[in-house]
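Note sheet for the following structure.
The values are calculated or read from the model by the stated rules, or taken from the named source; none is laboratory data. This one's a predicted model, so the numbers in the text were calculated from it and none came from an experiment. Ideal geometry is used to build each Cβ from the backbone, glycine not excepted, and the neighbour counts take in all protein chains shown.
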Amino acid sequence: MTMQLFSGPLSMFGAKAQIAALEKGLAFDLVMVPFDTDDRYLPRHPEVLRINPKQQVPVLIDGEVEIFDSTQIFEYLEDLKPQPALWPASAAARANARLLEHLSDEVFFPQVVELFGLQDAMQSPPAVAACAACAHHYALMEQRLAQADHLAGEYGYADIAFYMAHVFADRKGAGMTADTPRLVAWRDRVGQRPAVRAVVGPMMKFLHAHQRGVPDFLQALLQGDSGQGLRESRRT
Ligand SMILES: N[C@@H](CCC(=O)N[C@@H](CS)C(=O)NCC(=O)O)C(=O)O
């Protein structure tokens, strides 16, 4: 039976898992769970409730494997199909890449979450602090890109995680700027990947259809077929 990935139309963590599966060339059925239109996901799908005590997406079912959490799913996909590799080869480089992925999910993204609900108060102290924290993270990533085209050497999970997190940061008013030119070039490079376009394109079209903001740098995805022929096997 084909692997099933449970996500939501605006789930940045689900998008991480979806991009990774596409990069690996793995077939999967994408199951979109119910969702309300105010940045809140209500994953009432019975399989999500059964498998994830946190009741969150993404959840992956592959035969006897039933797991949740985007990073856990990264690890499973890497074990399942080692090529193309999305973690670096050496132990030290892998540790570094995992650290960057963790920082993106657990340090950078929580600052973005702070901005949810503050869109009309971007000069308020908590919004200013969250934007400053995002800018600090961008500056750190800019330094990483002095040595390589991607955050942890070759393109991989660290890039996927931070790309998705920064899309939401931009939507909430904490996007990257010309202060980090290497990072802007990285954004364009990663954003051109067919797997990334295939996931971010529909997400932007969903936002647009619900009269919600689409970042300037992603406006082009509203035109035409952003999936470029890369599709998961079926949407449920
Ligand atoms: N650490 C988890 C985070 C998952 C997460 O926050 N999922 C969100 C959607 S992007 C969700 O399902 N939220 C619903 C809720 O918390 O009630 C991961 O990496 O998968």
With criteria (1) within 26 Å of Pro194 (Cα to Cα); (2) within 16 Å of the ligand (Cβ to nearest atom); (3) not in a helix (DSSP H, G or I), Gln55 comes up short on (1)
Expected single match for away from the ligand (no atom under 16 Å from the Cβ), more than 16 Å from the chain's Cα centre (by Cα), of a type in the set (Asp, Glu) and within 24 Å of Gln4 (Cβ to Cβ) among Glu64, Glu142 is Glu64
Residue count, segment 178-216, condition out of contact with any Leu (no Cβ under 7 Å at 6 or more places or on another chain), at pLDDT 95 or above and among the small types (Gly, Ala, Ser), comes to 3
Open item on the list: Could you go through segment 54-77 and let me know if any residue there is surrounded by fewer than 17 Cβ atoms within 10 Å (Cβ to Cβ), assigned by TED's automatic domain parsing to the domain that holds Asp159 and among the charged types (D, E, K, R).
Closed with: no
* Return yes when Val112 is under 17 Å from Phe168 (Cβ atoms), surrounded by fewer than 20 Cβ atoms within 10 Å (Cβ to Cβ) and within 13 Å of the ligand (Cβ to nearest atom) and no when it is not. => no
Pairs returned, first residue in segment 46-67 that is at positive phi, second residue that is more than 10 Å from the ligand (Cβ to nearest atom) and aliphatic (A, V, I, L, M), beta-carbon separation under 7 angstrom, 6 or more apart or interchain, are Gln55/Leu49; Gly63/Met1
Taking segment 68-85 and keeping residues within 16 Å of the ligand (Cβ to nearest atom) and either of a type outside the set (A, V, I, L, M, F, W, C) or over 12 Å from Ala17 (Cα atoms) (or both) leaves Asp69, Ser70, Thr71, Gln72, Glu75, Tyr76, Glu78
Only unsatisfied item for Val31, checking (1) in a helix (DSSP H, G or I); (2) surrounded by 12 or more Cβ atoms within 10 Å (Cβ to Cβ); (3) within 15 Å of the ligand (Cβ to nearest atom), is (1)
Output for Cβ contacts, cut-off 6 Å, separation at least six or different chains, first residue over 16 Å from Leu77 (Cα atoms) and in contact (Cβ under 8 Å) with a residue 60 or more places away in the chain in segment 1-14, second of a type in the set (A, V, I, L, M) and not in a loop (DSSP other than H, G, I, E, B), reads Pro9/Met32; Met12/Met164
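Can Glu142 be described as buried (at least 23 other Cβ atoms within 10 Å of the Cβ) and closer than 29 Å to Gln83 by Cα? Break it down stepwise before answering.
Values: buried (at least 23 other Cβ atoms within 10 Å of the Cβ): no; closer than 29 Å to Gln83 by Cα: yes.
Considered against the rule, which asks whether it is buried (at least 23 other Cβ atoms within 10 Å of the Cβ) and closer than 29 Å to Gln83 by Cα, Glu142 comes out as no.
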Filtering segment 186-215 for residues that are in a helix (DSSP H, G or I) and touching a residue at least 24 places away in the same chain (Cβ under 8 Å) leaves a count of 18
In the set Ala20, Ala95, Ala15, the lone residue that is surrounded by fewer than 17 Cβ atoms within 10 Å (Cβ to Cβ) and either in the same structural domain as Gly156 (by TED's automatic domain parsing) or within 16 Å of the ligand (Cβ to nearest atom) (or both) is Ala95
